[in-house]
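Reviewing the structure listed below.
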């Protein structure tokens, strides 16, 4: 989904709040929130794709104003309600106040049927797909061309896995993009490597190319 | 058309505080028999003690001093890490180590959420999870690194790695010139989490 979580290349954010040896947690509840989602994933109650998607489904103003661990806790709590372990009213009662949850999402999808296998050195283009369900294709690579550097082991296909759909596992390709291809203006020279699922890619049509 | 006036005038609700929200989620999970209170403390303790940047530092220090191990680490990071007793969660199926050289500087991020190889380099610091880093480092890497105190030579090629799948990355910083003859343990002691993310170098 083209949600507010998809931040790569968004303009307007200021300097990074950076310090060496910066804290991971600022409050004890954050440490607990981290343990809660991780334990639920380990015990198989949730999978990482549905967890990430639950966070992405947060109401945009809530997403942007919540801290990282509040987003984590909101995603987990939303899944507990959606899986029938609790009702939203119960969470409100237990928390002695309003417990904001994520919004319902759109359906997922299976693997793309005409996908191709790629090898290092292949020039590829990211399909111009607009997916309303979960997707791990940052919008900044949509329709852009790059070079395949390597392939990963196969992973569950996030667009299906986040929605409880059955699909084939797919490799991701390490695709190298020129920052100038991604943002022809107002970007700085760099090579941007993105792990791109096979279903998101198509062969680059033959012809003159500027991919390097 | 929805009634926008009605929507925007909805009374904002004040949310329960986060300690109470954590309590609510814990209560539901305990009631469902998914986990016990002691699991949470045990897990948090394990994370604090086991997921430390010294794991990555030890891998890198060994790679700096043992060419065969370096080869293995660059070719199959997950197996190399496991050979030294450093495991990764089941969903992290691939671990790629990115070697910085005189010509190339690597930096990692996760623009969509905040994924990292946390069992190897430690849980990500707060700034890594902030919107400023997530939005800007892919597009303005050189400026962002400079703002964070890392000024790279104009002819250094910057490679930004966006963690969009469950392949995890770690940067292998350049070994500082002053460390000639140091032991593996001494070398490991100077390798920081920031240098394994790629936002700082070990050269002073």
Problem - Within the stretch A:136-186, considering residues that are without any contact (Cβ under 8 Å) to a residue 24 or more places away in the chain and either facing chain B (nearest Cβ under 10 Å) or assigned to a loop (DSSP other than H, G, I, E, B) (or both), the one farthest from residue B:91 (Cα to Cα) - result: A:185
Problem - Matching option when the condition is at pLDDT 95 or above and at the interface with chain A (Cβ under 7 Å from one of its Cβ atoms), among B:175, B:168, B:139 - result: B:139
Exercise for the section: Please give the number of the condition residue A:64 fails out of (1) within 12 Å of another protein chain (Cβ to nearest Cβ); (2) closer than 29 Å to residue B:128 by Cα; (3) more than 16 Å from the chain's Cα centre (by Cα). Expected result: (3)
Problem - Within the stretch B:22-65, considering residues that are touching a residue at least 24 places away in the same chain (Cβ under 8 Å) and in a loop (DSSP other than H, G, I, E, B), the one nearest to residue A:42 (Cα to Cα) - result: B:51
Problem - Test result for residue A:33, within 8 Å of another protein chain (Cβ to nearest Cβ) and surrounded by 23 or more Cβ atoms within 10 Å (Cβ to Cβ) - result: yes
Exercise for the section: Would you check if there is a residue in the stretch A:197-208 being surrounded by fewer than 15 Cβ atoms within 10 Å (Cβ to Cβ), part of a strand (DSSP E or B) and over 17 Å from the mean Cα position of the chain (by Cα)? Expected result: yes
Handout entry: Members of the stretch A:68-96 that are within 7 Å of another protein chain (Cβ to nearest Cβ) and either within 26 Å of residue B:132 (Cα to Cα) or buried (at least 16 other Cβ atoms within 10 Å of the Cβ) (or both)
Key = A:68, A:70, A:73, A:76, A:77, A:80, A:85, A:86, A:91, A:94, A:95
Handout entry: One residue from B:116, B:101 being at pLDDT 95 or above, surrounded by fewer than 21 Cβ atoms within 10 Å (Cβ to Cβ) and more than 10 Å from chain A (Cβ to nearest Cβ)
Key = B:101
Practice task
Restricting attention to helices (runs of 4 or more DSSP H) lying wholly within the stretch B:86-204, give those where 2 or more residues are more than 24 Å from residue B:64 (Cα to Cα), free of Cβ contacts under 8 Å to residues at least 12 places away in the same chain and over 15 Å from the mean Cα position of the chain (by Cα).
Solution key: B:131-136, B:141-147
Practice task
For residue A:133, state whether it is surrounded by fewer than 18 Cβ atoms within 10 Å (Cβ to Cβ) and either outside the structural domain of residue A:55 (by TED's automatic domain parsing) or more than 24 Å from residue A:51 (Cβ to Cβ) (or both).
Solution key: no
Problem - Options A:103, A:73, A:64: the member that is in a helix (DSSP H, G or I) and farther than 15 Å from residue B:112 by Cα - result: A:73
Exercise for the section: Answer with yes or no whether residue A:21 is at the interface with chain B (Cβ under 9 Å from one of its Cβ atoms), more than 20 Å from residue A:131 (Cβ to Cβ) and at pLDDT below 95. Expected result: yes
Exercise for the section: Hey, can you tell me all the residues within the stretch B:76-87 that are touching a helix residue (DSSP H, G or I) at 6+ places or on another chain (Cβ under 9 Å), within 13 Å of another protein chain (Cβ to nearest Cβ) and crowded, with 20+ Cβ neighbours inside 10 Å? Expected result: B:77
Exercise for the section: Go through the residues of the stretch A:52-64 one by one and say whether even a single one is under 30 Å from residue B:146 (Cα atoms) and in contact with a helix residue (DSSP H, G or I) (Cβ under 7 Å, 6 or more places away or on another chain). Expected result: yes
Practice task
Evaluate the following for residue B:83: is it out of contact with any strand residue (DSSP E or B) (no Cβ under 7 Å at 6 or more places or on another chain), closer than 23 Å to residue A:150 by Cβ and free of Cβ contacts under 8 Å to residues at least 40 places away in the same chain?
Solution key: yes
Problem - All positions within the stretch A:187-212 that are modelled with pLDDT of 95 or more and more than 9 Å from chain B (Cβ to nearest Cβ) - result: A:198, A:199, A:200, A:201, A:202, A:203
Practice task
Please determine, by comparing only the residues of the stretch A:39-61 that are free of Cβ contacts under 8 Å to residues at least 24 places away in the same chain and more than 7 Å from chain B (Cβ to nearest Cβ), which one is surrounded by the most Cβ atoms within 10 Å (Cβ to Cβ).
Solution key: A:41
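The values are calculated or read from the model by the stated rules, or taken from the named source; none is laboratory data. Just so it is clear, the model here is predicted, and its values are computed rather than measured. We place every Cβ from the backbone using ideal geometry, glycine too, and count neighbours over all the protein chains shown.
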